[in-house]
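The values are calculated or read from the model by the stated rules, or taken from the named source; none is laboratory data. The structure displayed is predicted, hence computed values, not measured ones. Cβ atoms come from the backbone with ideal geometry, glycine included; neighbour counts cover every protein chain shown. With ligands, DNA and RNA removed, areas are computed over all heavy atoms of the protein, side chains included. Shrake-Rupley method; radii C 1.70, N 1.55, O 1.52, S 1.80 Å.
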Amino acid sequence: MSAPVRVVLVDDHEMILAGLQAMLAGFAGRVRVVGQAGTGAEAARLVSSLRPDVVLLDVRLGPESGLDLCRQLTGRVPEVRVVFLSVYDDEQYVFEALRAGAGGYLLKRVDGPELVRRLEEVAQGETVVDPTLAGRMAVTAARLTRGEFWPGANRGLTQRESEVLSLLVGGLSNKAIAARLVLSEETVKSHLRALYRKLEVTDRSAAIAVALREGLFR
């Protein structure tokens, strides 16, 4: 009989952590929870010291990004597999999770037996996606290949991030972009940080260069 999959739970809601602990307790022979964390910093410390097989992680941890944490964890401990457990049933989140290095994306409505089976599959090196999202992902991937959706969608940009990038290429300042899109400047800065990460750049000039080079806006 193989050893149980060693799992660290990461969620900023204690009720969710308690519920997952209770759910997985009935499968102790197959899955063993070795730690839990409510913040990215705590999760990073636990994963570095415990070296679990799988980290079960929420996409959002309060003000923190689960996607950024996924990159950090897999960068520090390459052998760890990350599975996102989320309420967001949007295939765009799945694409982002997989780009960030995740081994799976499941929805929080998953039941105990299914969750355990998926954790075992991920620990064995497989990539798993909630069945309700898999079909939609295939359709979306095909449409992205055909160049449908908004400019930059194939690089993971949301429609709003694409709009911000378009105005950035047009030479508008953060203040002007905020006014045009009826957003706060802080929200614009948040979109900029996200699109910089997805385009793999660090500043406005580089983002504009990528957009022009790839013909996202003409």
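Just to confirm, what accessible area per residue do you get for the range 1-69 at 1.4 Å probe, in whole Å²? Before the final figure, lay out each step's value.
Details: 3380 Å² over 69 residues.
Accessible area per residue: 49 Å².
Please give the contour-minus-distance gain from Glu186 to Ala28: 0.36 nm per residue of separation, less the Cα-Cα distance, rounded to one decimal in nm.
Working: separation 158, 0.36 × 158 = 56.88 nm, distance 4.54 nm.
Stretched out fully, the Glu186 to Ala28 stretch lengthens by 52.3 nm.
If you take the beta carbon distance between Ala209 and Asp90 as r and set R0 to 45 Å, what does 1/(1 + (r/R0)^6) give as a FRET efficiency, to the nearest 0.05? Write down the numbers at each step before the final one.
Details: r = 29 Å, r/R0 = 0.65.
The pair Ala209/Asp90 has a calculated efficiency of 0.95.
Mind checking the full-extension length gain between Lys175 and Phe217? Use 0.36 nm per residue of separation minus the Cα-Cα distance, one decimal, nm.
The Lys175-Phe217 span can extend by a further 13.0 nm.
For the chain, what value does the Rg/Rh ratio take when both radii are computed over Cα atoms and Rh is the Kirkwood radius, given to two decimals? Please report the intermediate quantities before stating the final value.
On the way: Rg = 19.0 Å, Rh = 18.6 Å.
The Rg/Rh ratio comes out at 1.02.
Need one number: nm distance between label points at Thr127 and Glu14, each 7 Å from Cα along Cα→Cβ, rounded to one decimal.
Rounded to a tenth, the inter-label distance reads 3.8 nm.
Picking from Thr127, Ala211, Ala194, whose Cα lies most toward the positive end of the charge dipole for the chain (charges on Cβ: Lys, Arg +1; Asp, Glu -1)?
Among Thr127, Ala211, Ala194, the one farthest towards the positive end of the dipole of the chain is Ala211.
Compute, for the chain, the length of the dipole vector about the Cα centre, with Cβ point charges of +1 (Lys, Arg) and -1 (Asp, Glu) only. Units Debye, rounded to 20. Show your work: numbers first, answer last.
Numbers: 28 positive and 27 negative charges, 108 e Å.
Dipole of the chain, to the nearest 20 debye: 520 debye.
Add +1 for every Lys or Arg and -1 for every Asp or Glu among the other residues with Cβ under 15 Å from the Cβ of Arg51, and state the total. Kindly include the intermediate steps, with their values, before the conclusion.
Values: positive: Arg6, Arg32, Arg45, Arg76, Arg81; negative: Asp53, Glu79.
Local net charge: +3.
With just the Cα atoms defining each centre, how far is the range 159-194 from the range 81-124? Give it in Å.
Cα centroid of the range 159-194 versus Cα centroid of the range 81-124: 31 Å apart.
Could you give the angle, 0 to 90 degrees to the nearest 10, between helix 66-76's Cα long axis and the longest principal axis of the Cα atoms of the chain?
70
Among Leu181, Val7, Gly62, whose Cα lies farthest out toward the positive end of the dipole of the chain, if unit charges sit on the beta carbon of Lys, Arg (+1) and Asp, Glu (-1)?
Leu181
Running a GNM on the chain with Cα contacts under 10 Å, which residue among Gly40, Gly104, Gly19 ends up with the highest mean-square fluctuation?
Fluctuation is largest for Gly19.
Among 58-64, 164-170, 23-29, how do they line up from the highest to the lowest mean number of other beta-carbon atoms within 10 Å? Spell out each step's value before the answer.
Numbers: 58-64: 16.3, 164-170: 20.9, 23-29: 14.6.
Descending packing order for the listed peptides: 164-170, 58-64, 23-29.
Which of the lysines could a cross-linker bridge to Lys175, judged by Cα under 23 Å and excluding same-chain residues fewer than eight apart?
Those lysines meeting the cut-off are Lys189, Lys198.
Report in % the part of the accessible area of the chain that belongs to carbon and sulfur, leaving out ligands and nucleic acids; probe 1.4 Å.
Numbers: 5710 of 10800 Å².
Summing carbon and sulfur atoms, their accessible area is 53 percent of the total for the chain.
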